[in-house]
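The values are calculated or read from the model by the stated rules, or taken from the named source; none is laboratory data. As the structure is a computational prediction, the values presented were derived from the model and not from experiment. Quick reminder, even Gly has a Cβ in these numbers, built from the backbone with ideal geometry, and neighbours come from all protein chains shown.
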Amino acid sequence: MVMIEPVTIQKGLDIDAIRRQFPILNREVKGRSLVYFDNAATSQKPQSVIDALVNYYTRYNANVHRGIHTLAEEATFAMEKSRDAAQEFINAVSREQIVFTKGTTEGINLVASTWGRQNIRAGDEIIVSNLEHHSNIVPWQILIEEKGATLKVIPVSEKGELIIDEYKKLLSPKTKLVAVNHASNALGTINPVREIIDEAHKVGAVVLIDGAQSTVHLDIDVQEMDCDFFVFSSHKMYGPTGVGVLYGKRELLESMPPFQGGGEMIKEVTFEKTTYNDLPYKYEAGTPNIADIIAFKAAIDFVNGIGKKNIKQYEDQLLHYGTSKLRQIPGLRIVGEAKEKVSVISFVVDKLHPQDLGILLDNYGIAVRTGHHCAQPLMDCYRIPGTVRASLAIYNTKEEIDELVVGLKKAIKMLS
């Protein structure tokens with residue numbers, strides 16, 4: 001099978017060339033050309049990622065690690081190349097610190113179930129923020145209910161920024177874990193994670209950073225960041241669904257118990273005792289999601305081919321353009337106007353339900369997300385049921401934003 005190489009951008013972005021790599025952008029929805037603004041939920045996939053999936057299944061489909069035949073060796077090699085790519089992508093010290101998961105949610109649950117159960121005791125405190133996705137709230141709630149610990153919450157300002165002075169007041173010798181997102185899926189706010197981490201470490205706390213929304217937009221350097229755990233998902237960054245990465249500092253990963261039992265995570269099994277495998281396989285029980293892990297590398301290559309700096313600059317242009325255009329619509333209010341944001345615009349329109357707006361926009365071929373975005377406590381903070389969220393990616397254009405504005409005006413007129 002011919003593999004389509006990602007476009008390498010040298011002197012500026014050729015957005016048309018980038019868009020041509022995404023076959024889904026050619027389709028129509030309800031007789032209109034698709035305008036896809038739901039990238040914070042999941043991004044679309046370039047042809048190189050699709051080809052990598054098909055190539056595995058048509059040329060070397062086999063289970064990994066345990067086989068000695070050619071197909072098994074080829075599959076193992078390709079899968080482990082993805083681990084190397086992920087290591088480089090976030091600048092981890094070693095490949096053994098890259099644990100493949102189903103996604104960000106499983107990565108957080110893995111830490112809660114292993115490090116958390118091993119280290120959290122009655123009276124201890126875990127800190128999260130009011131900007132968190134449910135996946136970075138519920139696992140800790142389950143843990144504190146089991147252990148008799150306490151959950152504390154960093155408040156958020158009206159602009160959608162964490163109130164860092166209040167965070168510092170929450171920290172104490174009782175604080176054992178701080179778990180915050182790098183960027184908010186609901187508002188786009190970029191959090192000052194280095195400051196958050198440094199302050200937590202002063203009281204001896206461990207820090208987990210949810211990078212689901214940041215990894216595709218921002219340069220990630222886990223060594224410079226000095227986080228203890230970092231989790232992210234493939235499908236938010238042009239890769240397949242069902243694949244994620246948990247990064248952890250080696251001493252933590254080595255000290256934690258296994259997450260699940262079964263094949264691959266063992267060295268030896270007898271009925272008397274089992275000895276566990278080395279990192280990272282200790283946490284990768286059973287047959288992994290081989291094809292999607294292999295295709296994940298194609299997504300990393302795609303992002304690297306364009307360059308994070310180029311992506312961020314272009315998406316910032318879209319963000320500023322879209323924000324300016326939407327502000328001109330009477331009755332529309334943007335929710336979350338942090339100084340530092342990834343390319344997410346959440347908004348409400350006076351007296352109109354977000355879901356109604358989303359349904360009408362879909363009739364014009366425009367895909368947005370509506371609701372609380374798995375951040376219900378944040379919506380409660382703003383005293384709203386939810387927002388309309390337009391989240392932008394490298395293949396979006398100003399012309400598509402113009403279509404959104406026109407569609408919104410039509411939808412508002414119909415509903416008013």
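Data for the structure
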| item | result |
| --- | --- |
| V348 farther than 30 Å from L253 by Cβ and aliphatic (A, V, I, L, M) | yes |
| In the range 242-279, the residues that are modelled with pLDDT of 95 or more and outside any helix (DSSP H, G or I) | G242, V243, G244, V245, L246, Y247, G248, K249, M256 |
| Residues of the range 370-416 satisfying the condition of being acidic (D, E) and touching a residue at least 60 places away in the same chain (Cβ under 8 Å) | E400, D402, E403 |
| Selected residue (only one of I68, I90 is of a type in the set (A, V, I, L, M) and at pLDDT 95 or above) | I90 |
| Options L279, L319; residue that is under 30 Å from V349 (Cβ atoms), touching a Lys or Arg at 6+ places or on another chain (Cβ under 9 Å) and surrounded by 17 or more Cβ atoms within 10 Å (Cβ to Cβ) | L319 |
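Here is a yes/no grid of residues against (1) farther than 30 Å from Q141 by Cα; (2) surrounded by 23 or more Cβ atoms within 10 Å (Cβ to Cβ):
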| site | (1), (2) |
| --- | --- |
| D38 | no, no |
| V49 | yes, yes |
| N61 | yes, no |
| A85 | yes, no |
| F100 | no, yes |
| D124 | no, no |
